[in-house]
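Undergrad: One structure, as structure tokens, below. Some questions next.
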Amino acid sequence: MSDGPAAVPSAEPLLALDGVCTNYGKIRILRDVSLTVGEGEVVALLGLNGAGKTTTMRSILGLTPPRAGTVRYAGQNVTGWPAYKIARLGVGYVPEGRRMFKDLSTLENLQLAENGRSGAWTIQRVFEHLPKLSELRARKSGRLSGGEQEMLSIGRALVANPRLLLVDEPSQGLAPLVVEEVYRILAELKKTGVAILLVEQNALLALRIADRAYVLDGGRVVHAGPAAELAADRDRIRMLMGLEVAT
Amino acid sequence: MIEHIGPQLFNGLVLGAFYAIVAIGLSLIMNLTGTINMAHGSFMTLAGYLAFTLVSRGTPFWFALIAAPLILVVVGVVVERTLVRPLYKREPFYSLLMTFGLSLMAEEIYRLIWGPNGVPFSPPKALAGAAHLGFMSFPTFRIFIAVVLVVAIAALALFLTRTRFGLRLRAAVQDTEMIAALGTNTQVIYAVNFGLGIFLAGIAGVLAAGMLGLSPTSGNALLMPAFVTVIIGGMGSLFGSVVGGVLIGMAISLTTLFIPAASEVSMYVLMAVVLLVRPRGLFGEEGIFG
């Protein structure tokens, strides 16, 4: 829950985007995006379809390198670095649509993420926290349900012991009960001190666990502020995202 | 006629194993990067010439059988890093044209170095002669070839399924970007994968030189059947390549026995029949062309 005080920003935040512009081909998707995520902080990145949320994540990870601006992570300028190097610094990715290696088993999907970063998370510990995955360890991940795949996707990111998790639309395509379960897991992760940048179309859902929130529209940041404040201001959410918000 | 069927079937198996190992090399490269390596046959030829040069300078055949493919891997990885890699982001057509051009150049270079005609490359004495299997006798060298090719294919299967690197390689074939996002350097995967395919071509090249002869174009003779093998087996399936190779080998051997004039065309007939029944090939699933 977002009742607690927001993490106090240290001298330099864990992640800082400054004036990031990113294109797909000749089409500019992100325009001058600046945002920060502090150590252990959960930050929601909200906006409509096509607002640039996923592109922001891809820019951070180096999958779609920015054309302009800088991405700083853990005190280093990582702009333009290849994705694998950024991942090895402890940036975990839980992508939209889970992106399982469908022909590989649950266990193999987890093994792929072991990239030498030591820490509290091991495959064994992931299995202890997500016992369902342990039961399904030999099953091909393409044959898991959507909720199971989402958990495997989160587990896969954890095995690499990330300091920052990029979580993209974790509720997409899942039944309400499963969404509750996924958010319960994210809330638990928050307690372990991992920072999370959470992209979500369902604003209220994300604001429940976020400390702060940014709203993107047309590739620009149009709002930044404490999550609790935004969550309490339904009119503002409606105005920013043009959505009728279920209460 | 009937008494020839046994040996001819075995011939078909050996031939099929050649097609399979070349097809597997092609598939490894094609599955991961979409590169259709038209120079694969030229790489095989080079392995044959390297082994020929080593053996004619007094190196034992056994050593050449390992050393020539290893030297070939070095050449292959250099080619991949400098010529193929810049084309990964373009359509497959570009790398197809580039490797085709490369094979034409290679052919001329082989002509300059080793002469336009075939060179004699015979297997060692220990493998000369025939083995008597009771019901038939069969050239020892061909039995040796069958054993080496089967061991090579089995070793590859173990590498892909039992090692960490093999796991990453299989994952990269499914989603290169995601494997990078999990901290794997995909450029290393590309280079090693290309080297693996070339290593298999190298082993096949040395053995084929001893069985089918060695000339500037000898490797290319195996390239077309290997492509047909990939299509029959199903794109993306290495196991399919093994089955496809053996089927084609058998088809060619048996038609050679009964209708010699049709031996060349038999694999295409087989391909047409398979594609009519299974448009993606015997074991093809999604296929790289959707």
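The values are calculated or read from the model by the stated rules, or taken from the named source; none is laboratory data. All of these numbers come straight from a predicted model, not from anything done at the bench. In this analysis, Cβ positions are derived from the backbone assuming ideal geometry, glycine residues included, and neighbour counts consider all displayed protein chains.
Undergrad: Identify, from the list B:V206, B:V243, B:V188, B:V230, the residue that is away from every other protein chain (no Cβ under 14 Å) and surrounded by fewer than 22 Cβ atoms within 10 Å (Cβ to Cβ). Explain how you work it out, then say what you get.
TA: Working: B:V206 fails: surrounded by fewer than 22 Cβ atoms within 10 Å (Cβ to Cβ); B:V188 fails: away from every other protein chain (no Cβ under 14 Å); B:V230 fails: surrounded by fewer than 22 Cβ atoms within 10 Å (Cβ to Cβ).
The unique qualifying residue is B:V243.
Undergrad: Name the one entry in A:E108, A:E114 that is closer than 19 Å to B:E177 by Cα, among the charged types (D, E, K, R), at pLDDT below 95 and surrounded by fewer than 20 Cβ atoms within 10 Å (Cβ to Cβ). Can you show your working first?
TA: Values: A:E108 fails: at pLDDT below 95.
Unique residue meeting the criteria: A:E114.
Undergrad: Filter the stretch A:43-65 down to residues that are touching a Gly at 6+ places or on another chain (Cβ under 8 Å) and more than 18 Å from A:G90 (Cβ to Cβ) and give me whichever is farthest from the other protein chains (Cβ to nearest Cβ).
TA: As a first pass, look at the stretch A:43-65 and keep what is touching a Gly at 6+ places or on another chain (Cβ under 8 Å): A:48, A:51-53, A:55, A:62, A:65.
If we keep only those that are more than 18 Å from A:G90 (Cβ to Cβ) as well, we get A:48, A:51-53, A:55, A:65.
Numbers: A:L48: 24, A:A51: 21, A:G52: 18, A:K53: 16, A:T55: 14, A:P65: 12 Å.
Top of the filtered list is A:L48.
Undergrad: For B:G48, indicate whether it is within 14 Å of B:M211 (Cα to Cα), part of a helix (DSSP H, G or I) and touching a Leu at 6+ places or on another chain (Cβ under 8 Å). Give the steps one after another, and end with the answer.
TA: Numbers: within 14 Å of B:M211 (Cα to Cα): yes; part of a helix (DSSP H, G or I): yes; touching a Leu at 6+ places or on another chain (Cβ under 8 Å): yes.
Against the criterion (within 14 Å of B:M211 (Cα to Cα), part of a helix (DSSP H, G or I) and touching a Leu at 6+ places or on another chain (Cβ under 8 Å)), B:G48 qualifies.
Undergrad: Same structure, new question: Checking the conditions here, which among B:A157, B:A146, B:A131 is surrounded by 13 or more Cβ atoms within 10 Å (Cβ to Cβ) and touching a Ser or Thr at 6+ places or on another chain (Cβ under 8 Å)? Lay out the reasoning, then the answer.
TA: Numbers: B:A157 fails: touching a Ser or Thr at 6+ places or on another chain (Cβ under 8 Å); B:A146 fails: touching a Ser or Thr at 6+ places or on another chain (Cβ under 8 Å).
Sole residue among the options that is surrounded by 13 or more Cβ atoms within 10 Å (Cβ to Cβ) and touching a Ser or Thr at 6+ places or on another chain (Cβ under 8 Å): B:A131.
Undergrad: Restricting attention to the stretch B:75-90, and to residues there that are surrounded by fewer than 13 Cβ atoms within 10 Å (Cβ to Cβ) and not charged (D, E, K, R), which single residue is nearest to B:Y49 (Cα to Cα)? Please lay out each step first, then the result.
TA: Initially, the stretch B:75-90 is screened for residues surrounded by fewer than 13 Cβ atoms within 10 Å (Cβ to Cβ), giving B:78, B:82, B:86, B:89-90.
Then drop every residue that is not not charged (D, E, K, R), which leaves B:78, B:82, B:86.
Details: B:V78: 19, B:T82: 23, B:P86: 29 Å.
The residue in question is B:V78.
Undergrad: Any residue that is farther than 24 Å from B:P120 by Cβ and touching a helix residue (DSSP H, G or I) at 6+ places or on another chain (Cβ under 6 Å) - is there at least one of those in the stretch B:39-47?
TA: At the first step, the residues of the stretch B:39-47 found to be farther than 24 Å from B:P120 by Cβ are B:39-40.
Subsequent filtering for residues that are touching a helix residue (DSSP H, G or I) at 6+ places or on another chain (Cβ under 6 Å) retains B:39-40.
Yes, the conditions are met somewhere in the stretch B:39-47.
Undergrad: Quick one: is B:L72 assigned to a helix (DSSP H, G or I) and surrounded by fewer than 18 Cβ atoms within 10 Å (Cβ to Cβ)?
TA: On the way: assigned to a helix (DSSP H, G or I): yes; surrounded by fewer than 18 Cβ atoms within 10 Å (Cβ to Cβ): no.
So B:L72 does not fit the description; no.
Undergrad: Taking the stated definitions as given, is B:I198 more than 14 Å from chain A (Cβ to nearest Cβ), buried (at least 21 other Cβ atoms within 10 Å of the Cβ) and more than 24 Å from B:L87 (Cα to Cα)? Working first, answer last.
TA: Values: more than 14 Å from chain A (Cβ to nearest Cβ): yes; buried (at least 21 other Cβ atoms within 10 Å of the Cβ): yes; more than 24 Å from B:L87 (Cα to Cα): no.
No, not satisfied.
Undergrad: A follow-up question, please. Only one of these is surrounded by 18 or more Cβ atoms within 10 Å (Cβ to Cβ) and either more than 13 Å from chain B (Cβ to nearest Cβ) or in contact (Cβ under 8 Å) with a residue 24 or more places away in the chain (or both): A:A138, A:A160. Name it.
TA: Matching residue, one of A:A138, A:A160: A:A160.
Undergrad: Go through the stretch A:93-116 and report how many residues are under 27 Å from A:S59 (Cβ atoms) and more than 9 Å from chain B (Cβ to nearest Cβ). Walk me through how you get there before you give the answer.
TA: Looking only at the stretch A:93-116, we keep the residues that are under 27 Å from A:S59 (Cβ atoms), and these are A:93-102, A:109-110, A:112-116.
Then keep just the ones that are more than 9 Å from chain B (Cβ to nearest Cβ); that gives A:94, A:96-98, A:110.
Residues in the stretch A:93-116 being under 27 Å from A:S59 (Cβ atoms) and more than 9 Å from chain B (Cβ to nearest Cβ): 5 in total.
Undergrad: Right, another one. Any idea which residue in the stretch A:193-247 is modelled with the lowest pLDDT, counting only those that are of a type in the set (D, E) and loosely packed, with under 15 Cβ neighbours inside 10 Å?
TA: In the first step, residues of the stretch A:193-247 are kept if they are of a type in the set (D, E); the result is A:200, A:211, A:217, A:229, A:233, A:235, A:244.
Retained after the next criterion (residues that are loosely packed, with under 15 Cβ neighbours inside 10 Å): A:229, A:233, A:235, A:244.
Details: A:E229: 93, A:D233: 90, A:D235: 88, A:E244: 47.
The selected residue is A:E244.
Undergrad: Now a separate question. List the residue pairs whose Cβ atoms are under 9 Å apart, where the first residue sits in the stretch B:206-234 and is farther than 16 Å from B:A17 by Cβ, the second is in a strand (DSSP E or B), and the two are 6 or more positions apart or on different chains.
TA: B:G213/B:V119; B:L214/B:V119; B:S215/B:V119
Undergrad: If you don't mind, there's one more thing I want to ask. When residues of the stretch A:112-165 are filtered for being in contact with a strand residue (DSSP E or B) (Cβ under 9 Å, 6 or more places away or on another chain) and of a type outside the set (K, R), how many remain?
TA: First, the residues of the stretch A:112-165 that are in contact with a strand residue (DSSP E or B) (Cβ under 9 Å, 6 or more places away or on another chain): A:113, A:136-141, A:150, A:153-154, A:156-165.
Filter once more, so that each one left must be of a type outside the set (K, R): A:113, A:136, A:138, A:141, A:150, A:153-154, A:157-162, A:164-165.
Summing the residues that are in contact with a strand residue (DSSP E or B) (Cβ under 9 Å, 6 or more places away or on another chain) and of a type outside the set (K, R) in the stretch A:112-165 gives 15.
Undergrad: If a residue must be away from chain B (no Cβ under 14 Å), surrounded by fewer than 18 Cβ atoms within 10 Å (Cβ to Cβ), in a loop (DSSP other than H, G, I, E, B) and not hydroxyl-bearing (S, T, Y), how many such residues does the stretch A:117-131 contain?
TA: 1
Undergrad: Follow-up. May I ask you to list the residues in the stretch A:53-72 that are among the hydroxyl-bearing types (S, T, Y) and crowded, with 24+ Cβ neighbours inside 10 Å? Talk me through it step by step, then tell me what you get.
TA: Step one: list which residues in the stretch A:53-72 are among the hydroxyl-bearing types (S, T, Y), which gives A:54-56, A:59, A:64, A:70.
Residues satisfying the conditions are A:T56, A:S59.
Undergrad: Then there is this: If we keep just the residues of the stretch A:74-92 that are in contact (Cβ under 8 Å) with a residue 12 or more places away in the chain and away from chain B (no Cβ under 14 Å), which is nearest to the chain's Cα centre (by Cα)?
TA: By that ranking, first place goes to A:A74.
Undergrad: Limited to the stretch B:128-168, what total is found for residues that are β-branched (V, I, T) and in a loop (DSSP other than H, G, I, E, B)? It would help to see each step written out before you state the result.
TA: In the first step, residues of the stretch B:128-168 are kept if they are β-branched (V, I, T); the result is B:140, B:143, B:145, B:147-148, B:150-151, B:153, B:161, B:163.
Narrowing further to those that are in a loop (DSSP other than H, G, I, E, B): B:163.
Adding up the residues that qualify gives 1.
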